[in-house]
Amino acid sequence: MFLKKVALVSALAVMAGSSSFACEISARVSIVGNEFPAIQTVGAGAQECSGAEVTTNLTKDHQSLNVPGMQGNPAEYTSAIVANSSIVALMNEDVIRPLDDLVAKHGQDLQSSQLIKVGGKVMAVAFMANAQHLMYRSDVLDQIGVEPPKTYEDMLAAAKMIRDQGIMENPIGGAYAAGWNLAQEFNNMFLGFGGSHFKAGSAEPNINSEAGVNALGMMKSLSEYMNPDFLTHDSNATNAEYRAGNIALLNMWGSRAASQTTAEGVTEAVKNGHAIAGPMTVGGGSTPASTLWWDGWTVAKNVSDAEAEATFVALTNAIRPAKMEDEAVRTQAVWLVDGYTPTDAAVGVFEAAKMATTPYPMLPYMGLMHSALGNELSDFMQGKESAEQALADVEAAYIAAAKEKGFLQ
């Protein structure tokens, strides 16, 4: 399904207010989604409802589960928690339903900024904003006498000083795991260099370009200061390295910020030195080398009306304004929920919005590009082929997939 028009009324607006209500449901609810703390809170909030079973499958493998889990009739999952990128696949496969009727009936506590509209219909309810941005050890930077990096070039210079002074051998961390994560790091850097994934007004690829080559060059330079096994490090592994005190500089999701000093195993040095800043720029540009995201929930098409309503009620309960009175919950994310007030952990995401960070491209064929990038860039990162060849391979893989799906002739 082509997404003809995408209208997201995006807001990081803060409004006061709270409400609570009893949550009674009469049909099953089954949720699939990612596993980071804010989403775990949403899942637990849905499970507060009584009257029928509410189950969750919150896993890092959610993106390989949500489409097949919603294609059956009835669907295995009644909801998928998604973001800018992952809702596209659900729309393309026509497995989620419009929510306008349920919003009218049960959405009195939702703000307009939470309603994700596609073609004029509400297709998801957003509950948080997210972006990747700088996290760093202020004590380590003080030790080498430099300010927090504002550019990736600054990060490389700081990393060299940290290594040369014998403080850390591999001071940079990155979610460079082959696949989705590596592709996303490329997307960030590519946009920072001024790239555009597609030729104007078309689905034709446009990454085998100067911006693409420069993006890969910077990623390779950064990887030389990372753990040698960087191609296996997703966000969880990268954060574990940071909390253990092994790295001092990383580009990480804002949704992970609060847990950097509270997770099990974090060292005292990290607790005392952890700091947050906005996203960095690269190559002398002013566009942040990052992307702006929302996370939200959907309702499956191939479920009964009773299950759809129960799912909407349970998930609305999970993000009710009264939840924002809990300090532990408020620190987990930049919530788009009525009653949210920012915490220190939200600094990086708010800076990303303030710097006009580019939203992740919400296009029907962007998922194919993301997959091609994830599958084809590892050889370059391992020194097995040139940047130009890697990008040519990406474009070839993307074109084949886009033709199969009918996006290209």
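Hand me the list of helices (runs of 4 or more DSSP H) wholly inside the stretch 312-393 holding 3 or more residues that are touching a helix residue (DSSP H, G or I) at 6+ places or on another chain (Cβ under 7 Å).
Helices (runs of 4 or more DSSP H) meeting the threshold: 366-376, 378-381.
All but one of (1) modelled with pLDDT of 95 or more; (2) over 18 Å from ILE276 (Cα atoms); (3) within 21 Å of the chain's Cα centre (by Cα) hold for TYR152; state the number of the condition that does not hold.
Result: TYR152 passes all but (2).
Do you know which of the residues in the stretch 192-210 that are crowded, with 20+ Cβ neighbours inside 10 Å and either among the aromatic types (Phe, Trp, Tyr) or outside any loop (DSSP other than H, G, I, E, B) (or both) is nearest to the chain's Cα centre (by Cα)?
Going through the qualifying residues, I end up with GLY192.
Count, please, the residues in the stretch 147-191 that happen to be basic (Lys, Arg) and buried (at least 16 other Cβ atoms within 10 Å of the Cβ).
Residues flagged as basic (Lys, Arg) and buried (at least 16 other Cβ atoms within 10 Å of the Cβ) within the stretch 147-191 amount to 1.
Can you pull out the residues in the stretch 111-132 that are surrounded by 23 or more Cβ atoms within 10 Å (Cβ to Cβ), assigned to a strand (DSSP E or B) and not aliphatic (A, V, I, L, M)?
If the condition is that a residue be surrounded by 23 or more Cβ atoms within 10 Å (Cβ to Cβ), assigned to a strand (DSSP E or B) and not aliphatic (A, V, I, L, M), then PHE127, ASN130, GLN132 are the ones that fit.
Tell me the residue from LEU336, LEU292 that is within 19 Å of LEU102 (Cβ to Cβ), of a type in the set (A, V, I, L, M, F, W, C) and either crowded, with 19+ Cβ neighbours inside 10 Å or at pLDDT below 95 (or both), please.
One residue alone meets the criteria, LEU336.
With GLN47, GLN108 as the choices, which residue is surrounded by fewer than 21 Cβ atoms within 10 Å (Cβ to Cβ), modelled with pLDDT of 90 or more and under 26 Å from PRO342 (Cβ atoms)?
GLN108
If the requirement is being of a type outside the set (Phe, Trp, Tyr), under 29 Å from THR281 (Cβ atoms) and either outside the structural domain of ASN187 (by TED's automatic domain parsing) or surrounded by fewer than 23 Cβ atoms within 10 Å (Cβ to Cβ) (or both), which of these qualifies: VAL95, VAL103, VAL82?
Exactly one of VAL95, VAL103, VAL82 is of a type outside the set (Phe, Trp, Tyr), under 29 Å from THR281 (Cβ atoms) and either outside the structural domain of ASN187 (by TED's automatic domain parsing) or surrounded by fewer than 23 Cβ atoms within 10 Å (Cβ to Cβ) (or both), namely VAL82.
Restricting attention to the stretch 267-275, does a residue exist that is in contact (Cβ under 8 Å) with a residue 12 or more places away in the chain, within 11 Å of GLY173 (Cβ to Cβ) and not in a strand (DSSP E or B)?
No: the stretch 267-275 contains no residue that is in contact (Cβ under 8 Å) with a residue 12 or more places away in the chain, within 11 Å of GLY173 (Cβ to Cβ) and not in a strand (DSSP E or B).
The values are calculated or read from the model by the stated rules, or taken from the named source; none is laboratory data. Worth saying up front: this structure is predicted, and the values here are computed from it rather than measured. Using ideal geometry, Cβ is built from the backbone for each residue, glycine included, and neighbour counts are taken over all protein chains shown.
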